[in-house]
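The values are calculated or read from the model by the stated rules, or taken from the named source; none is laboratory data. Given the structure is predicted, the values throughout are model-derived calculations rather than measurements. Here the Cβ positions follow ideal geometry from the backbone for every residue, glycine too, while neighbour counts run over all protein chains shown.
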Amino acid sequence: MKLDQVTARYLQEQDRILVRMNTSSSDELRLWLTRRLCLRLWPSLNTVVADRVARTEGARDPSRAAAATADGATRKMLADFERQEVLKTADFKTPFRDQARQLPLGAEPLLVTEVSLTNLEDGRLQLDFKEKLAGSPAPRSFQVSLENTNLHGFLHLLDNALEQSGWLGDGAGTSADASAVPGDERPRYLN
């Protein structure tokens, strides 16, 4: 399946991230990412992408292969540089198409409980999203393969949603002072 559009946003009322993906055949895939899943997925996803970028860079110039794969900081730096280059040409201005022709997984988003990451030989990264819930008759799942442009765009959108959520700490989600209560608004408590 070829992805045309992806959106990811943190929904405070749900305390989850809603990811929506439009395919070239006008199907829409929806999934929920929970805090627990994201705390495990985010570091793994970034490590896999950094390793992929380092291997690709090493393959382009074998004389720099040892330097590209030397340490985690170098791999991360190369991945960040590639992401910035890809994002320069990414289209984040086109509104997400809300009129899906089909919802193959149904109207209710898939509640992701497992994600498998697989590097494909053609350079794409395959993500296998699974929903395995107790008492559910049959688990739901789908796979999507992301090429570099879509992969870095997805990471960027997920990074923004994680920042809004504040789940990662270390400055994530601190765009507004949480202790400030504007006007007469009372604080809201979640969970």
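Taking every residue in the stretch 89-101 that is in contact (Cβ under 8 Å) with a residue 12 or more places away in the chain and pairing it with any residue that is in a loop (DSSP other than H, G, I, E, B) and loosely packed, with under 13 Cβ neighbours inside 10 Å, at least 6 positions away or on another chain, the pairs with Cβ-Cβ distances below 6 Å are Arg101/Ser26. Among the residues making up the stretch 1-42, those that are touching a Leu at 6+ places or on another chain (Cβ under 7 Å) and part of a helix (DSSP H, G or I) are Cys38, Trp42.
Here the stretch 9-40 is the region considered, the condition is being in contact (Cβ under 8 Å) with a residue 60 or more places away in the chain and among the β-branched types (Val, Ile, Thr), and the residue that is surrounded by the fewest Cβ atoms within 10 Å (Cβ to Cβ) is Thr34. All of Gly153, Gly135 fail the test of being at positive phi and either of a type outside the set (Val, Ile, Thr) or modelled with pLDDT under 85 (or both), apart from Gly135.
Residues that are modelled with pLDDT of 90 or more and closer than 28 Å to Ala67 by Cβ were ranked within the stretch 85-118; the one that is farthest from the chain's Cα centre (by Cα) is Thr118.
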